[in-house]
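Encoded as structure tokens, the structure appears first; notes follow it.
The values are calculated or read from the model by the stated rules, or taken from the named source; none is laboratory data. These numbers come from a predicted model, not from an experiment. So basically every Cβ, Gly included, is an ideal-geometry build from the backbone, and we count neighbours across all protein chains shown.
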Amino acid sequence: MKLYDYYRSSASYRVRIALHYKNIECELTHVNLLESAQKEEAYSEKNPQMLVPLLEDDQVRLNQTLAILEYLEEKFPSPSLLPEKLADKMAVKAFAQEIACEIHPLNNLRVLKYLKNDLDLSDKKKLEWYHHWLREGFTSLETRVSKTNGAFCFGNSPTWADLFLIPQMYNAYRFEFPMNDFPLLSKIYSHCLQQDYFIKASPEERVKETDANG
């Protein structure tokens, strides 16, 4: 099994957390987005969307983190990252999709580049854009976790909700977004960053691996 990823890609970060939590052996291949490596023929032939992550497993080739995580959950069901009860499972998936579909696409690297390079937005205006969509999204997510109990988004075990939340918050802190209005999300973030599988999947650890491998 091989995962093509980039250390700061929040989408890649989600998958790395799942791999470490489930203890799945997987070769990681670094695709440098800042150098536009995703547009090179060797990679674009594998993934015409020219984004990361991309998972290869024998003849299976998957992009999009929701599909990748679903595949890993089906192939490696234990330990699970989804609740057993149908209603709880769908609530977790809805939470994850709020991030994957409503927050992340508006604030990812190619959108920010387009705002600056093609629409000529200043860095200040670009940051305002970024913060606006984070506030919209986190306001909804804070309300959702207020209705649950536990150290994670949904109880005392990690789920897809946490896999999507933590990378998005990591980026929020990078872009100096104030989290004061979101104490519950901040508490979950702090708890998750103490867990071994989140630490191993972090961008900082991924950089160490990449540097070690040349």
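Only one of the listed residues (Leu115, Leu69, Leu119) is under 23 Å from Gln38 (Cα atoms) and assigned by TED's automatic domain parsing to the domain that holds Val31. That residue is Leu69.
Determine whether Glu84 is outside any loop (DSSP other than H, G, I, E, B) and charged (D, E, K, R). For Glu84, the condition - outside any loop (DSSP other than H, G, I, E, B) and charged (D, E, K, R) - is not met.
If you go through the range 190-203, how many residues are in contact (Cβ under 8 Å) with a residue 24 or more places away in the chain and in a helix (DSSP H, G or I)? So the count comes out to 8.
Under the condition of being in contact with a helix residue (DSSP H, G or I) (Cβ under 9 Å, 6 or more places away or on another chain) and either more than 18 Å from Glu205 (Cα to Cα) or surrounded by fewer than 19 Cβ atoms within 10 Å (Cβ to Cβ) (or both), the residues counted in the range 31-48 number 7.
From the list Phe182, Phe138, Phe152, Phe175, the lone residue that is within 24 Å of His20 (Cβ to Cβ) and either outside the structural domain of Gln64 (by TED's automatic domain parsing) or of a type outside the set (Phe, Trp, Tyr) (or both) is Phe152. May I ask you to list the residues in the range 190-214 that are of a type in the set (A, V, I, L, M, F, W, C), more than 13 Å from Arg16 (Cβ to Cβ) and at pLDDT below 95? If the condition is that a residue be of a type in the set (A, V, I, L, M, F, W, C), more than 13 Å from Arg16 (Cβ to Cβ) and at pLDDT below 95, then Ala212 is the only one that fits.
Taking the criterion of being under 13 Å from Asp5 (Cα atoms) and polar (S, T, N, Q), the residues of the range 37-76 that qualify are Gln38, Asn47, Asn63, Gln64, Thr65. For the residues Glu142, Glu136, the requirement of being surrounded by fewer than 16 Cβ atoms within 10 Å (Cβ to Cβ) and either among the hydrophobic types (A, V, I, L, M, F, W, C) or at pLDDT 95 or above (or both) singles out Glu136. One residue alone among Ala161, Ala94, Ala151, Ala172 is closer than 19 Å to Thr65 by Cα, at pLDDT 95 or above and crowded, with 16+ Cβ neighbours inside 10 Å, and that residue is Ala161. Restricting the search to helices (runs of 4 or more DSSP H) fully inside the range 104-171 and requiring at least 2 residues that are out of contact with any helix residue (DSSP H, G or I) (no Cβ under 9 Å at 6 or more places or on another chain) gives 109-117, 123-145.
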